[in-house]
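What follows is one structure encoded as structure tokens, with my remarks underneath.
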Amino acid sequence: MNAVENQVPEFEGIPSAEDLARIADLLIEAGLETIELSDGKGARCFMRVTSSVAKSDKQVAENVTPVEDLSSRIAVSAPYFGTLVLTELAKVGTSVQPGDVVAQMRIGALQIPVLVPVTGTIVDVAGEDGALTGYGAPVVQVEPTSR
Amino acid sequence: MNEMQRFKRVLIANRGEIALRIQRACRQLGLETVAVYSEADADSRHVREADVSLCIGPAAASKSYLDRDGLLLAAKVTGAGAIHPGYGFLSENADFADAVEAAGLTFIGPTGDSIRMMGDKITAKRAMREAGVPCVPGSDGPLPASAEEVRAIALEVGFPVIVKASGGGGGRGMRVVHGGDELENAVALTAKEAQQAFGNPTLYLEKYMQKPRHVEIQVLCDTHGTALWLGARDCSLQRRHQKVLEEAPAPGIPPETIAGIGERCVQACRQIGYRGAGTFEFLYEDGIFAFIEMNTRVQVEHPITEETTGIDIVAQQIRIAQGETLDLRQNDILMQGHAIECRLNAEDAATFMPSPGTVTRWDLPGGPGIRVDTHVVSNYTVQPYYDSLIGKIISYGATREQAIARMRVALAEMRVEGISTNIALHQALLADPQFQEGGVDIHHLERWLAERSPS
């Protein structure tokens, strides 16, 4: 089983809101702006993302007290279920970059990485090392770096 | 706890009322439960109450309740030794059943081979015919070329007959013939159409059942050669092939007739080595039973059989999967009284469109002979992603009249706010003189709805 396969939703009709959000995260993660999904029957879904990094930077810039603004924080959640194994990066205060692995979801020999989507600092570790963790559970929170 | 048990922890690969029903059966047998759920079902009662709960994916069923690999991985990571599929979702997926067993786990249901055999209508019907289960009378194969021979078959089957294309389906390539004078022409026309539409002119012929009832037989089989039938259910009240209200036994059909069919069903089970719970579905008209299909799982309407037999079907499924022997004989099974089930759906009373939303009031009925199987509690949010069944009210009485009377009181007591339900439909149905008389056919509900509609 491939972790990325699990993350990319199958295109069967209009994707749900959470699927759209996941696709958007993947696009940002891969440094892409647009994606077009199509199926054999001719249905097409075209998506464009304006980088959430840029968006949150803007929010931070407009805010007088950016550190207090929790809305700019990015929650990194479990892309699959399994036993959560935190890496050494998963500590409050660690600087992270897109693609950094903060944890692994483990099921036997299967390991699915939990990836950070943005550049920033880890401000909260919600995941519990060694705990059985469900899909979508919060693992860490990242405060994106202002540019 | 029994040292001989194959498993001590059961993963429930389903949601809603049946997940809670399975959890209760597990608990009563001293087994632990694993609730796997989608993000949309995080607040479900069985999820809160399970020994282990694990979110396995987003709301879309294809990525949660239908994700075969995900369910097997969830069983592995939670240490479950068995998987109960419930109904719907993967319950009749032969490959999943095989994959569960290949992973060293117990599938609480029949073997993949049994599911596969019953999933294919042609092999299922052949197996049933060989076992002596009555099927729709007909040509039992392709029609001969000679018009005289076709006529002889039709006369033996009895008019009206339906001429069907072997390669057809979905209501296409078939013609109802009411008398001998129409037959030759109808056969020629249907063959020509079948050739054009399906590239295959092969036809067969069956008795056309005009106003059949839906009558089904519940069976339970262990892995030691015991196969039992648990009586009949009448599920004729359907809308768009969805059952709305069911009752046990089937009104007006003599018990000895049901016993005869029941014996044929369990004989078929023994022949194919069936294990677990199953249901043989029949069309019934003018004393003739015609096998439609076998459901190789627990059914939504199983509680009415539990009420009339006193047998916990879900617990028996689990015990059979443990390898235990059914400690019952056919003569021990007393089918007594009458039970009715009303399926409660979150749907608009007029349009039947789903009515998801938060249930702000949920007052349940009670009293003697009333059982409610539901996962809904006050402030529960009915999700739009799944079917609209929110619960089942089951009434039991010594007689059919008492069961109806108790159900009417129960429906009047029930209070639901925040969403729309079909309670009023059930109340109107129970007041319908034809229903009260008993034995309506499968088209009755749609006819009755059409007559009631203002347009």
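The values are calculated or read from the model by the stated rules, or taken from the named source; none is laboratory data. In this text, all values refer to a predicted model and were calculated from it rather than measured experimentally. When we count neighbours, we look across all protein chains shown, and the Cβ atoms used for this are built from the backbone with ideal geometry, even at glycine. Accessible surface areas use protein heavy atoms only, side chains included; no ligands, DNA or RNA. Shrake-Rupley method; radii C 1.70, N 1.55, O 1.52, S 1.80 Å.
Within segment B:18-34, restricting attention to residues that are open to solvent by less than 10 Å² (accessible area, probe 1.4 Å) and in a helix (DSSP H, G or I), the residue that is nearest to the other protein chains (Cβ to nearest Cβ) is B:Ala19. When the criteria are applied in full, B:Met1 fails the requirement of being modelled with pLDDT under 95 and crowded, with 19+ Cβ neighbours inside 10 Å. The residues of segment B:47-74 that are among the charged types (D, E, K, R), within 14 Å of chain A (Cβ to nearest Cβ) and either touching a Lys or Arg at 6+ places or on another chain (Cβ under 7 Å) or closer than 19 Å to B:Arg21 by Cα (or both), listed by number, are B:Arg48, B:Asp51. Once segment B:35-46 is narrowed to residues that are of a type outside the set (A, V, I, L, M, F, W, C) and out of contact with any Cys (no Cβ under 8 Å at 6 or more places or on another chain), the residue that is nearest to the other protein chains (Cβ to nearest Cβ) is B:Asp41. On inspection, B:Ser388 qualifies as among the small types (Gly, Ala, Ser) and either modelled with pLDDT under 95 or under 30 Å from B:Ala61 (Cα atoms) (or both). Checking each residue in segment B:4-13 for being surrounded by fewer than 24 Cβ atoms within 10 Å (Cβ to Cβ) and at pLDDT 95 or above picks out B:Arg6, B:Phe7, B:Lys8, B:Arg9.
Kindly evaluate B:Glu307 against the criterion of being acidic (Asp, Glu) and either open to solvent by less than 40 Å² (accessible area, probe 1.4 Å) or assigned to a loop (DSSP other than H, G, I, E, B) (or both). So B:Glu307 fails the test. Under the condition of being farther than 19 Å from A:Leu27 by Cβ and either within 12 Å of chain B (Cβ to nearest Cβ) or touching a residue at least 60 places away in the same chain (Cβ under 8 Å) (or both), the residues counted in segment A:113-135 number 5. In segment B:35-57 there is no residue that is farther than 22 Å from B:Tyr380 by Cα, open to solvent by 30 Å² or more (accessible area, probe 1.4 Å) and in a loop (DSSP other than H, G, I, E, B). If you go through segment B:308-320 one residue at a time, do you hit one that is within 19 Å of the chain's Cα centre (by Cα) and of a type in the set (Asp, Glu)? Among the residues of segment B:308-320, at least one is within 19 Å of the chain's Cα centre (by Cα) and of a type in the set (Asp, Glu), which makes the answer yes. Pairing residues of segment B:149-160 that are touching a residue at least 12 places away in the same chain (Cβ under 8 Å) with residues that are in a loop (DSSP other than H, G, I, E, B) and among the aliphatic types (A, V, I, L, M), at Cβ distances under 6 Å and at least 6 apart in sequence or on separate chains, gives B:Val150/B:Leu143.
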